[in-house]
Amino acid sequence: MSAHGAPIPMTSRKSGPLKGEAHVPGDKSISHRSLILGAMAVGETRITGLLEGQDVLDTGKAMRAFGAEVEDLGGGNWRVQGVGVGGFAEPENVIDCGNSGTGVRLIMGAMATTPITATFTGDASLNSRPMARVTDPLALFGTKSVGRSGGRLPMTIVGAADPVPVRYATPVPSAQVKSAVLLAGLNAPGKTVVIEKEATRDHTERMLAGFGAEITTELTDEGRVITLTGQPELKPQDIVVPRDPSSAAFPVCAALITEGSDVLVPNIGLNPTRAGLFTTLRDMGANLTYENAREEGGEPVADLRARYSPDMKGIEVPEDRAASMIDEYPVLSVVASFATGRTMMAGVKELRVKESDRISAMVAGLVANGVQVEEGEDWYAVDGKGPGSVPGGAEVQSHLDHRIAMAFLVMGLGAENPVRVDDGGPIATSFPIFEPLMTGLGAQVHRSNR
Ligand SMILES: O=C(O)C1=C[C@@H](OP(=O)(O)O)[C@@H](O)[C@H](O)C1
Ligand SMILES: C=C(OP(=O)(O)O)C(=O)O
């Protein structure tokens, strides 16, 4: 089933050269944070280039339920009238975060130190994902939570009336956990400290500093030590959301495996905590270049040029790169099946708790389409068939997971036979213009019943 209605079966088939420019939507992580921090600031935040995918729209709806004004001005421009740190009102209804782990976990953090109660739910995928990783550290502030067994949604959070600041070392490499703790720390007195062994995406830290909070990051033997001073008055911002490297991954990878292709993907954020896929592709021998590299709004940005790359070789992806490309493993494993030799992806246990168990979903789909794969608890390895030699021809289950759906639709563009996906509906959560953008480049990807 699609997240929002009947399943939308989709098919992709071998395509001629992909050519042209791919203007992908705004960054999903930064879009969620723009709405949440805008709602916690005093005054009017303006956002340009917001991702209007369902995950982010659900966060916007939630911010309204907590009392902020969130207005769509058209053309990717949004206005948020914030209520200030500690100013959230108690929602009258259950908060439905749809398919979005980022949405629900960050919002739980943002409300956890205000004396209000809120109940959260989501779709079948979100309601099966672990929430204790967030509610455990929130309990240290004095927040209470009751959910289903295994710490699953639906879940009620009772915000702490008298929060204390917290020092917390994250046990899993997760920007969502780190961000939930920092957002909760905003309304606690004193200094909240989060320590992470491995660097995860740092948009929350950068944006909190932009909104005027006192926040520092030190590199120590323990890892990154992030210290936030609580109870600031956040100043509203004008935010220009950079384009999403995780969405750029799809047209980039499609070009690499499709004969004769030459695609430009302009204005992509290349924050080092996000750009691991592109480094990996270049290590494999991909013809992928950065053009017009520059800084915008404090973030490195470049235009990516991807050309057909028949000489890619399988590699061992360094484990310490995993966090910087965590959402890109599905599409990387598709590229790996068109390379020569084995691509080993280890240290990726987190993939098992995304919108689906992404190791299982990828292994099942790759095997069905004639690619050999080996799998362990926290790793999998793809034996490449070489350029143009991936059989394809099978239907793949997307398990309510947008990245699984898009990865296999990319596979079909270079495979010998069409690849079908049982439900492309979830693509709208992060990349609502995926189908027109890809067909605009010359890709044969469409709804199967057309
Ligand atoms: O903080 C964020 O915006 C995100 C963090 C990552 O999740 P984890 O923190 O669970 O690794 C990533 O998979 C997700 O798509 C977005
Ligand atoms: C894991 C993802 O998102 P989330 O955790 O926000 O559902 C993703 O977009 O790949």
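Nothing in this text is a laboratory measurement; each read-out follows from the coordinates by a stated rule. Note that the structure is predicted; figures quoted are calculated from it, not measured. Using ideal geometry, Cβ is built from the backbone for each residue, glycine included, and neighbour counts are taken over all protein chains shown.
So, in nm, how far is label Arg167 from label Lys144 when the simple model puts each one 7 Å beyond its Cα toward the Cβ?
About 2.8 nm separates the two model spin labels.
Residues with beta-carbon under 10 Å from that of Leu400, excluding Leu400: net charge, scoring Lys, Arg +1 and Asp, Glu -1?
Residues close to Leu400 contribute a combined charge of -4.
Quick one: Arg201, Arg420, Arg152, fewest Cβ neighbours within 10 Å first, how do they rank?
Arg152, Arg420, Arg201
Among DSSP beta bridges whose residues both lie in the stretch 28-229, state the antiparallel percentage, nearest 5.
85
Can you give the charge dipole size of the chain about its Cα centre, rounded to the nearest 20 debye, using +1 on the beta carbon of Lys and Arg and -1 on the beta carbon of Asp and Glu?
360
Test of understanding: what is the full-extension gain from Thr121 to Thr439, defined as 0.36 nm times their sequence separation minus their Cα-Cα distance?
111.0 nm
For the pair Thr48/Met344, report the inter-label distance in nm, with labels modelled 7 Å from Cα in the Cβ direction.
4.7
Rounded, prolate or oblate: pick one for the stretch 28-229, where a ≥ b ≥ c are the square roots of the eigenvalues of its C-alpha gyration tensor, a/c under 1.5 means rounded, and failing that, prolate if a/b is larger than b/c, else oblate. Don't skip to the end; give the middle numbers.
Details: a/c = 1.39, a/b = 1.14, b/c = 1.22.
Rounded, because the longest to shortest axis ratio a/c is under 1.5.
With a ≥ b ≥ c taken as the square roots of the eigenvalues of the C-alpha gyration tensor of the chain, please select rounded if a/c is under 1.5 and otherwise prolate if a/b is larger than b/c or oblate if it is not?
Values: a/c = 1.70, a/b = 1.69, b/c = 1.01.
It is prolate, given that a/c is not under 1.5 and a/b is the larger ratio.
Test of understanding: in a Gaussian network model of the chain with alpha carbons linked when under 10 Å, which of Pro242, Pro426, Pro91 would top the mean-square fluctuation ranking?
In this elastic network of the chain, the residue with the biggest mean-square fluctuation among Pro242, Pro426, Pro91 is Pro91.
Toward the positive end of the charge dipole of the stretch 28-229, about the Cα centre and with charges on Cβ (Lys, Arg +1; Asp, Glu -1), which of Ala199, Gly212, Thr102 goes farthest?
Projecting each Cα onto the dipole axis, the largest value belongs to Ala199.
What's the exposure ranking of Met10, Met344, Met406, going from fewest to most Cβ atoms within 10 Å?
Starting with the residue having the fewest Cβ neighbours, the order is Met344, Met10, Met406.
For each of Thr227, Thr343, Thr59, count neighbouring Cβ atoms within 10 Å of the residue's Cβ, then give the residues from fewest to most.
Thr227, Thr343, Thr59
From the phi angles alone, apply the Karplus equation (6.51, -1.76, 1.60; θ = phi - 60°) to the stretch 199-214 and give each ³J(HN,Hα) in whole Hz, x where the residue is Gly or Pro.
3J(HN,Hα) across the stretch 199-214, in whole Hz: 5, 10, 3, 10, 5, 5, 4, 4, 6, 4, 4, x, 7, x, 6, 8.
Could you list which residues have their amide H under 5 Å from that of Lys385, counting only those 5 or more apart in sequence or on another chain, with H placed in the peptide plane?
Under 5 Å from the amide H of Lys385 lie the amide H atoms of Phe338, Ala339, each far enough along the sequence or on another chain.
Under 1.5 on a/c is rounded, so check that first for the stretch 16-104, then, if it is not, pick prolate when a/b is larger than b/c and oblate when it is not; a ≥ b ≥ c are the square roots of the alpha carbon gyration tensor eigenvalues. Write out the running numbers ahead of the final one.
Working: a/c = 2.85, a/b = 1.81, b/c = 1.58.
Here the stretch 16-104 falls in the prolate category.
At a Förster distance of 56 Å, what's the computed FRET efficiency of Glu259 paired with Leu219, Cβ-Cβ distance as r, to 0.05? Provide the component values of the computation, followed by the final result.
On the way: r = 45 Å, r/R0 = 0.79.
With a Förster radius of 56 Å, E is 0.80.
Test of understanding: given the chain, find the longest segment containing no GluC sites (Glu not before Pro) that are in a DSSP loop and have at most 13 other Cβ atoms within 10 Å.
Of all site-free stretches, the longest is 234-376.
Kindly express, to the nearest 10 degrees and within the range 0 to 90, the angle between helix 358-368's C-alpha long axis and the longest C-alpha principal axis of the chain.
Tilt relative to the chain: about 20 degrees.
Give the relative contact order (percent, whole number) for the chain; include only Cα pairs under 8 Å separated by 6+ residues.
Working: 1194 pairs, mean separation 91.0, N = 450.
The normalised contact order for the chain reaches 20 percent.
Take every Cα pair under 8 Å in the stretch 330-450 that's 6+ residues apart, average their separations, divide by the length, and report that relative contact order as a whole percent.
It comes to 25 percent, rounded to a whole number.
Work out the charge dipole of the chain with +1 on the Cβ of Lys and Arg and -1 on the Cβ of Asp and Glu about the Cα centre, then indicate which of Leu264, Ile8, Gly414 is farthest towards its positive end.
Working it through, the farthest residue towards the positive pole turns out to be Ile8.
Could you let me know the centre-to-centre spacing of the stretch 79-105 and the stretch 156-187, using Cα atoms, in angstrom?
About 15 Å separates the Cα centre of the stretch 79-105 from the one of the stretch 156-187.
What net charge do the residues around Ala381 carry, taking every other residue with its C-beta under 11 Å from that of Ala381, with Lys and Arg at +1 and Asp and Glu at -1?
-3
If you add up the charges near Gln372, with Lys and Arg at +1 and Asp and Glu at -1, over every other residue whose beta carbon is less than 14 angstrom from its beta carbon, what do you get?
Result for the local shell: -1.
Suppose each label sits 7 Å from its Cα in the direction of the beta carbon; what would the Arg282-Val353 distance come out to in nanometres?
That separation, rounded to one decimal, is 3.2 nm.
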